[in-house]
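For reference, the structure is listed below as structure tokens.
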Amino acid sequence: MQAEFDINPTYEAFYIESLLWHTNSALDAIKEIGDWIEFVIEDNPKALDLPKEELFQKLQLIIQHAASISKFFWPIRKGEKGLHKKRGRKLRTSLSISEDSALKSRVLRDHIEHFDEKLDVYLTSNFVGEFIPQDVGLEYPEGEVPLHIFKGFYINPRIFVLLGNKYELIPIVQEVERIHDILLECVNCGYRLRSA
């Protein structure tokens, strides 16, 4: 009987709950970052209450949870008898995940999963220019010499930089929020995925 389904209906709740854990965790960090941005825009001294290290922890949490969510939809391996591939297809269809989703980026996932290796390569490359370990600002800095930003966050247009790679946060955040709302609908429908 299980062979009839990409995901056995009895087990849909487990996938819904697993994804909700990631979306809830990401949304908590998104809220904190959003509040901090509001304080910065308002020139409110409360913006100083969030140290750089905590800001980067929250940003990395968003990226890590987005990467984990991505693996549910685009698994790394096919699995025995295509088990993982079928699950990914079913979840993408049920949750209306398109192939141009901001969460599909293999670059994003690769940087999170293989950060140690990426760090090795980043640090051993023959760079010329200015090295910036951590940077927070309104806009991405422009300089006369090449800039090498280890970690950075820029409010306009919400860019997170990790090992020199820029990630636009708005499309990622919007997709996480959209998926979260659909998952809540699934919960309200008896923990059942939507049918295609």
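Here is how the numbers come out for the structure above:
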{"read-out": "The chain: angle of helix 52-73 to the longest principal axis, Cα-based, in degrees nearest 10", "value": "30 degrees"}
{"read-out": "The range 58-196, relative contact order [Cα under 8 Å, separation at least 6], %", "value": "20 percent"}
{"read-out": "Spatially proximal lysines relative to Lys52 (Cα-Cα < 17 Å; intrachain offsets below 8 disregarded)", "value": "Lys31, Lys151"}
{"read-out": "Cα long-axis angle, helix 83-94 against the chain (0 to 90 degrees, to the nearest 10)", "value": "80 degrees"}
{"read-out": "Heavy atoms of Val121 accessible to a 1.4 Å probe, total area in Å² rounded to 10", "value": "90 Å²"}
{"read-out": "Restricting the range 1-99 to trypsin sites (Lys or Arg not before Pro) in coil, as DSSP defines it, with at most 10 other Cβ within 10 Å", "value": "Arg77"}
{"read-out": "Unit Cα scatterers, Debye sum, the range 1-41: log10 I(q)/I(0) for q = 0.19, 0.33 Å⁻¹", "value": "-0.64, -0.98"}
{"read-out": "Principal axis dimensions, largest first and in whole angstrom, of the chain by Cα", "value": "64, 41, 23"}
{"read-out": "Lysines with Cα under 25 Å of Lys85, excluding same-chain neighbours fewer than 8 positions away", "value": "Lys71, Lys104"}
{"read-out": "Chymotrypsin sites (Phe, Trp or Tyr not before Pro) within the range 70-128, DSSP loop, no more than 15 other Cβ atoms inside 10 Å", "value": "Phe127"}
{"read-out": "Degrees separating the helix 115-124 axis from the principal Cα axis of the chain, which is the longest one", "value": "30 degrees"}
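The values are calculated or read from the model by the stated rules, or taken from the named source; none is laboratory data. The structure displayed is predicted, hence computed values, not measured ones. Cβ: placed from backbone, ideal geometry, glycine included. Neighbour counts: every protein chain shown. Calculation scope for accessible area: heavy atoms of the full protein, side chains included, ligands and nucleic acids excluded. Shrake-Rupley method; radii C 1.70, N 1.55, O 1.52, S 1.80 Å.
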